[in-house]
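A short write-up of the structure that comes next.
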Amino acid sequence: MLHKQLHAFPENFLWGGSTSAYQLEGAWDEDGKGPSVIDLANHVEGVTDFMVASDHYHMYKEDVALMAEMGFKAYRFSIAWSRIYPQGDGAVNPKGLEFYSNLIDELLKYGIEPIVTMYHFDLPYGLEERGGWSNRATIDAFEQYAKTLYENYGDRVKWWLTINEQNMLILHPGSIGTLNENMTDPQKELYQQNHHMLVAQAKAMVLCHQMLPEAKIGPAPNIGVIYPASSKPEDMLAADNYAAIRNWLYLDMAVYGRYNHIAWSYLVEKGYEPKIEEGDMDILRQGHPDFIAFNYYTSQTVGESRNDGNDFSHTGDQHEIVGEPGAYRGSVNPNLQTTEFGWEIDPVGFRTTLRQIYSRYHLPLIVTENGLGAFDKLEEDGTVNDAYRIEFFRKHIEQIQLALTDGVEVFGFCPWSAIDLVSTHQGSSKRYGFIYVDREEFDLKELRRIRKMSFYWYQKLIASRGEVR
């Protein structure tokens, strides 16, 4: 749809950036923090681990000052569960509570709204040893953890996110590094874990509304439009299957408290359907998010399953494989360019995704991740000329404005990432941030913070409310 006049970004639009605890903080075992599944995972050979990362734990004041200089209205970060509860439950760690309290105060000092993600892949290892999300006791542990966060930060935090990219945890656990390789029936168990996470999420949303009636809370899955490989009806049907399994299962449950019917039929057909305890569906129906946060990097394309052993296709980054015999076949989109890491770049698909989510759920939307990973180069004169990142964001922000003009309610944009951090597979060399962290895979140097070209561009864009692009 072409518009003669585009709507302006709202005056109170939350321009900001995002990070996650395990990729940014470092201090993996300091001040009483317990290990997480990420800390004890097998890391990709040849790249750094997450033990120091960007050392935000010790440098958060400098980092927040730089965010304020950029003009951030919001900062979306995650709390390391095992920094609050070293074993996942039991005794609380006062030093962990203090760190995040200080971070929140530092943000508010500059007028930056904290957006808190409760869980971003880093399950406390103490819970993993007891079965992780396969154990229903983890639901109670998450609820207690949420209660502790509300009690300690609810007077200052008004925006809460439950679980980051739950759908990626289930669909691609191997790529994230959190897959328990001792599972006897991995798919069956993963969807049981998924059910437990959904129940835990609903309980956290109910508790938030009870304890913090002025606060708002929502899920944060990774959502992207799914294209059919051709106009063939069977390809269209396959795209519908994949969209239900990848996207709508998670949002239908978060918003309506019910399993998407196409996704459920898939689970039953494959024998993956979870055991649902008495009372679970009642809890799920009580969830009621106030908004939907979502991460968008790329669209995906699938075709009709041939069920011949060749239904799987690599998507590039994150080592993800797409394809499900009998449901859909992974494909590529010849109309799109790719990043140097293999992800297809699709700004128009971003607009379509915004429209699809809003049309289905009619809840306000905030984008909590969107960005371009690249091998940024620090020049001899101390500059980082990431014009390619500016171009990426320019095209995607244009599509947000078009979606706003389409009638979609979008209230924030927090791209990935506010500052360079450690990537899941490519370590510290693959960079996303507006701020360069001067370190290499195995040489920490001084971890000096350097403003990239995109830093100054984003600063101007925020100051102009999205007009300077």
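The values are calculated or read from the model by the stated rules, or taken from the named source; none is laboratory data. Given the structure is predicted, the values throughout are model-derived calculations rather than measurements. Glycine gets a Cβ as well: all are built from the backbone with ideal geometry, and neighbour counts include every protein chain shown. Heads up: the accessible areas ignore ligands, DNA and RNA and are worked out on the full protein's heavy atoms, side chains in. Shrake-Rupley method; radii C 1.70, N 1.55, O 1.52, S 1.80 Å.
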Whole-number percent relative contact order across the chain, with pairs defined as alpha carbons under 8 Å at least 6 apart: 18
Long pairs among 147/216; 109/158; 33/147; 61/203; 61/95; 188/232, criterion Cα-Cα beyond 24 Å: 61/203; 188/232
Distant-in-sequence amide H partners of residue 159 (H built 1.01 Å from N, under 5 Å): 116, 216
Global geometry of the range 32-115, whether rounded, prolate or oblate, following the gyration tensor of its Cα atoms and the 1.5 cut on a/c: oblate
GluC sites (Glu not before Pro) restricted to the range 23-113 and DSSP loop, no more than 12 other C-beta within 10 Å: 45
In sequence order, calculated HN-Hα J values of the range 14-27 (Karplus, 6.51, -1.76, 1.60; Hz; x Gly/Pro): 8, 6, x, x, 10, 8, 10, 4, 5, 8, 10, 5, x, 6
Additional length obtainable on full extension of the chain from residue 405 to residue 155, 0.36 nm per residue less Cα span: 86.5 nm
Cα centre as origin, Lys/Arg/Asp/Glu Cβ charges: the chain dipole, Debye: 1380
Residue-averaged 222 nm ellipticity for the chain, from DSSP H runs of 4+ at -39500 (n - 2.57), nearest 500: -11500 deg cm²/dmol
Surface per residue (accessible, 1.4 Å probe) for the chain, Å²: 39
Inter-label distance for residue 360 and residue 236, nm, one decimal - labels placed 7 Å from Cα along Cα-to-Cβ: 1.9
Exposure ranking of 355, 76, 306, 285 by accessible area [1.4 Å probe, largest first]: 306, 285, 355, 76
Positive minus negative residues near residue 307 (Lys, Arg vs Asp, Glu; Cβ under 14 Å): -3
Relative packing of 159-168, 268-277, which averages over residues the other C-beta atoms within 10 Å, highest first: 159-168, 268-277
